[in-house]
1. Output the residue which, of all residues in region 1-49 that are under 17 Å from Glu77 (Cα atoms), of a type in the set (A, V, I, L, M) and not in a strand (DSSP E or B), is modelled with the lowest pLDDT.
2. Within the set of pairs 6+ apart or on separate chains, which have a first residue in region 70-98 that is on the phi > 0 side of the Ramachandran plot, a second that is in a loop (DSSP other than H, G, I, E, B) and of a type in the set (A, V, I, L, M, F, W, C), and C-beta atoms under 8 Å apart?
3. Within region 68-98, how many residues turn out to be surrounded by 13 or more Cβ atoms within 10 Å (Cβ to Cβ), closer than 12 Å to Ser39 by Cβ and of a type in the set (D, E, K, R)?
4. Which count do you get for residues in region 52-85 that are of a type in the set (A, V, I, L, M) and touching a helix residue (DSSP H, G or I) at 6+ places or on another chain (Cβ under 9 Å)?
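The values are calculated or read from the model by the stated rules, or taken from the named source; none is laboratory data. Because the structure is predicted, anything quoted here is derived from the model rather than measured. Note that each Cβ is placed from the backbone with ideal geometry, even for glycine, and that neighbours are counted across all protein chains shown.
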Amino acid sequence: MAKLKFRPLHDRVVVKRIDAEEKSAGGIIIPDTVKEKPSQGEIVAVGPGGRDETGKLVPMDLKNGDRVLFGKWSGTEVKLDGEDLLIMKESDIMGVIA
């Protein structure tokens with residue numbers, strides 16, 4: 001992916017959804033109208049981090065290129081540079097896929 005011209009603020013990240021499989025385990029092709037939105041993606045941009053009660057910067061645990069799992073209704077959908085992306089807080093992410 002080309003360099004994103006967007007930098008998230010504070011503890012926010014930009015995530016690109018990773019598309020789900022086109023076929024079921026039994027080989028049945030799933031049409032777009034009944035497919036669920038995938039709940040995993042790749043981090044494409046990371047903010048500098050949040051602040052604690054004393055104002056000290058708390059760095060992010062995530063980095064560009066991490067594959068992550070997030071909730072079904074997490075984040076805000078946006079279109080940047082012709083791509084559909086999600087902007088969400090770090091706390092909305094459930095974990096990193098190894």
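1. Leu4
2. Going by the 8 Å Cβ cut-off, the qualifying pairs are Asp81/Ala2; Asp81/Leu4.
3. 1
4. Qualifying residue count, region 52-85: 2.
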